[in-house]
Amino acid sequence: MTITSTPIDGLIVLTPRIFNDDRGYFFESFNENSFKDFAGYPVHFVQDNQSFSTKGVLRGLHFQKGQHAQSKLVRVTQGEVLDVAVDLRKGSATYGQHYSIRLSADNHQQFFIPRGFAHGFIVLSDTAIFQYKCDNYYNKQSEGGLHYADTDLAIDWILPYDELLVSDKDKELPFLKDAPDFEF
């Protein structure tokens, strides 16, 4: 497995080494020791989640606050998405900046998003199955989010806005400049 950093400190891309033969393929999707050696700290996942979505579905930008903040390791097992993380760590040199990556069942890449980031994705294929591991349990009272169309974030979601399928709840999320201070 190759583990690489991104231009935003803390965001990590994991690319597995795939072993193919006439039966199919095999790869190691996560190794806690390798991750700890690269990142400099361990991560212990306690909850796995999965969603199924159709083309144009945009989920995000979400996060958990306070003692319920979560790190996530995300991947796509069917289809393709554009995955996005926004740095919300106060005092960070990259506060308010985002990083995006295409994740697909074909490239098998995973994206690690530490605590202190908002996260979202848009489905680019006809359908997609999105899976993610969290290092803390979900808590409804601690959820937060940012509006996906915040012009200050300048996220290119690839698809035209009139083709996006966004929940009513996500349409009501605040813009970064109007959001309360976040505690992670």
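The values are calculated or read from the model by the stated rules, or taken from the named source; none is laboratory data. Just so you know, these numbers come straight off a predicted model, no measurement behind them. When we count neighbours, we look across all protein chains shown, and the Cβ atoms used for this are built from the backbone with ideal geometry, even at glycine.
Summary table
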read-out: Unique residue being among the hydroxyl-bearing types (Ser, Thr, Tyr), surrounded by 14 or more Cβ atoms within 10 Å (Cβ to Cβ) and touching a residue at least 24 places away in the same chain (Cβ under 8 Å) when the list is 100, 167; value: 100
read-out: Flag for residue 34 being among the small types (Gly, Ala, Ser) and either part of a loop (DSSP other than H, G, I, E, B) or more than 30 Å from residue 179 (Cβ to Cβ) (or both); value: yes
read-out: Among residues of region 33-50, those that are exposed (fewer than 13 other Cβ atoms within 10 Å of the Cβ), modelled with pLDDT under 95 and either farther than 23 Å from residue 99 by Cβ or touching a Leu at 6+ places or on another chain (Cβ under 8 Å) (or both), counted; value: 2
read-out: The listed residue being of a type outside the set (Asp, Glu) and in contact with a helix residue (DSSP H, G or I) (Cβ under 6 Å, 6 or more places away or on another chain), out of 40, 56; value: 56
read-out: Where a residue in region 2-25 is free of Cβ contacts under 8 Å to residues at least 24 places away in the same chain and its partner, wherever it lies, is of a type in the set (Ser, Thr, Tyr), with Cβ under 8 Å and at least six apart; value: 2/15; 4/15; 17/2; 19/25
read-out: Count of region 105-118 residues which are over 20 Å from residue 151 (Cα atoms), crowded, with 18+ Cβ neighbours inside 10 Å and either among the polar types (S, T, N, Q) or within 14 Å of the chain's Cα centre (by Cα) (or both); value: 8
read-out: Enumerated strands (runs of 3 or more DSSP E) restricted to region 51-94, each holding at least 3 residues that are in contact (Cβ under 8 Å) with a residue 60 or more places away in the chain and either among the hydrophobic types (A, V, I, L, M, F, W, C) or crowded, with 22+ Cβ neighbours inside 10 Å (or both); value: 57-64, 80-87
